[in-house]
Every structure is written in structure tokens, then in C-alpha cells.
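Take a look at the structure below.
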Amino acid sequence: MLRPWAAHWITAVLLCGAVAQYSSDQCSWKGSGLSHESHRRDVEQVYLRCSQGSLEWLYPTGAIIVNLRPNTEPSSGHTAGLHVCIKPHIYSKGSNVYLERAGDLTLLLTEKDQAEGSVHCFTLTEGALFVEAVPQTDISRRITAFQYELVPSQGPGAHMYPYLHPGLVTCTPCSDEEVLLAVCTSDFAGSGVFQGVSSVSTRNDHPPVAVTLSRLFRQKSRVFAWSGARGRRWSGRISVPAQCGVNPHGDEYLFTGFIHFGEAWLGCAPRYKDFLRLYNRAQQAGTNPCEIDTD
């Protein structure tokens, strides 16, 4: 529900233009409420145009509106189907986070919620982030901080990421076309075996599963570590929704997926022998979207 004073703030932002703007590097923003502590009802506009980044608001006072967009032309259509996912740092406090659209506010995260460090997603069409400082007599030692990502809701393996559609995760195998595309476009791709659920897991709904890879075609960041001393292998952990299950020490699989907030999430994962048949058939037909070294 929109508060009367919040409506006044937003109207001032939209109509009067009397709003200070903090600078950013287009991906991340860092600011301090001390710069306008005497104007505790100021609203700052923040514009971020990256696929991922962070926000850090020290000594929050007043409010900030965070506008997130991909770094593409508005007419390109790349915003269609995009979700924003934010992950607060566990030390984040000092504000509540709302979604703001056309003057209406919808609560997304309370100050208490942020201490859990859980991921929350919403569509770009739901509005901007309205981050409102919680009134305090002493604002020292309070920092609102979170990471964000723009995540497509469609594409190879998107149905496996639980935060996009809570409670609607499906373990349906990817189509042949999705598998071939996943090898080319995923943040990581390789083949190997499941070792078992990681003992460090505290999440029962999507635990990280230990894996060993014999081939690594690509990885966007170093989520898999080289362990050549133990037989030329890579090792790491991949988060898998619990309802999808794994077969430790079973068949060799093609592992593809995406990196979200530093963690690998499983996407398309057919048996490697099935993938090889599919890949070789597409190679002969000249329909592969990219080539990899399968030897």
C-alpha cells in the first residue's frame, strides 16, 4: 500500500525534478546518506545499466529509487522476459525494499528479511526498486547492500533456477535444440559425474552437489578447480533442485548451466553419450550453433 508521504516523495521526483543524483559506473553504485542527512526526505535516483552489479548505501536516510535496465537499445526487445534478482548481504540493514510502479509501492524485503541473504526475483515490468531508510535516531553502523543480476526467464535450463518461478521448478529434460544451444551459451559446459550432495549444504530445497569433470569446454568464472594431480580432473559444486535428484557415481553427464551470485546452477544435463549422438548428428547436418572438441 502506498503511504501518503511516499506518494509525496515520488510525485516530487516525477514532477518537480528536484532530485539529487549519485554517480555510478553503470554497473554498481555506492553512496552515503550523510550527504543529505539534514534532508531526510530526499529521494535519490540511481540508474544502473548492466547485467549484474551491486549497491551499497551507507548510513541510509530518506530513500533511493534504483532503475535497472540492460545495456541495450530499448527497441531491441532484450528487456522482454527479463527478471531482476537481488541478493542482500547478510549484514544489510537500515532500510526496507519495495517495488515502485506508477506511484504504487509493494514490499519486497523488510530490514529483517535481508539478514537471511536469500535471493528474490521480480520482472522488470513490475517496476523499480524503492529503497526506503528505516527512521533511526542513530544511523551509524547501518549499511544497505545487495548484489543484483538481470536473468532471462526463458532459454536452455532457465526452468531449473528456482528463484525465477518459486514452486514451479520443473525437471523436464531440455529439447535437442536447447541442449545444443546450451553448450554454446551457458556460463559453463563440461562432462563428468555426480559425486554426491555436498556436506556443506544448509539448503534442503536446492543443495549443491559435488561433481568431477573429465572435460571442461568453458567456464565463465573459476567455479571448477583443476585437480590434475588426481587424474586430470576438475572438481566443483553445482546447485540442483532437490526434486530433480542426482545419481552419484552413475553415468557421465553433460553439465551446462549458469553462474548466479558466484554459484553454479545446473541447466541442461543429458547423458554424455546421448549428447554425443545428438552433437555428431547435428554436425553432419551442419546445424550445430557452435563447435566444441569432444575428443
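Okay, here's what the table says:
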quantity: Criterion: part of a loop (DSSP other than H, G, I, E, B) and in contact with a Ser or Thr (Cβ under 6 Å, 6 or more places away or on another chain) - qualifying residue of Leu168, Leu164; calculated: Leu164
quantity: Candidate set: segment 125-154, residues that are in a loop (DSSP other than H, G, I, E, B) and in contact with a strand residue (DSSP E or B) (Cβ under 9 Å, 6 or more places away or on another chain); chosen: the one farthest from Leu68 (Cα to Cα); calculated: Ile139
quantity: Residue ID - farthest from Leu254 (Cα to Cα), chosen from residues in segment 164-193 that are under 17 Å from the mean Cα position of the chain (by Cα) and buried (at least 20 other Cβ atoms within 10 Å of the Cβ); calculated: Leu164
quantity: Strands (runs of 3 or more DSSP E) completely within segment 1-103 that count 2 or more residues being within 15 Å of Ala133 (Cβ to Cβ) and at pLDDT 95 or above; calculated: 52-58, 63-68, 95-101
quantity: Segment 240-263, residues that are farther than 17 Å from Pro173 by Cβ and assigned to a loop (DSSP other than H, G, I, E, B); calculated: Pro248, His249, Phe261, Gly262
quantity: Scope segment 151-175; condition within 13 Å of Ile86 (Cβ to Cβ) and out of contact with any Cys (no Cβ under 8 Å at 6 or more places or on another chain); matching residues; calculated: none
quantity: Subset of segment 257-278 [over 27 Å from the mean Cα position of the chain (by Cα) and within 10 Å of Val179 (Cβ to Cβ)]; calculated: Asp274, Phe275, Leu278
quantity: For Val223: the one exception among (1) at pLDDT 90 or above; (2) more than 27 Å from the chain's Cα centre (by Cα); calculated: (2)
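The values are calculated or read from the model by the stated rules, or taken from the named source; none is laboratory data. Model, not experiment: these values are computed from the prediction. Here the Cβ is made from the backbone with ideal geometry for all residues, glycine too, and neighbour counts use every protein chain on show.
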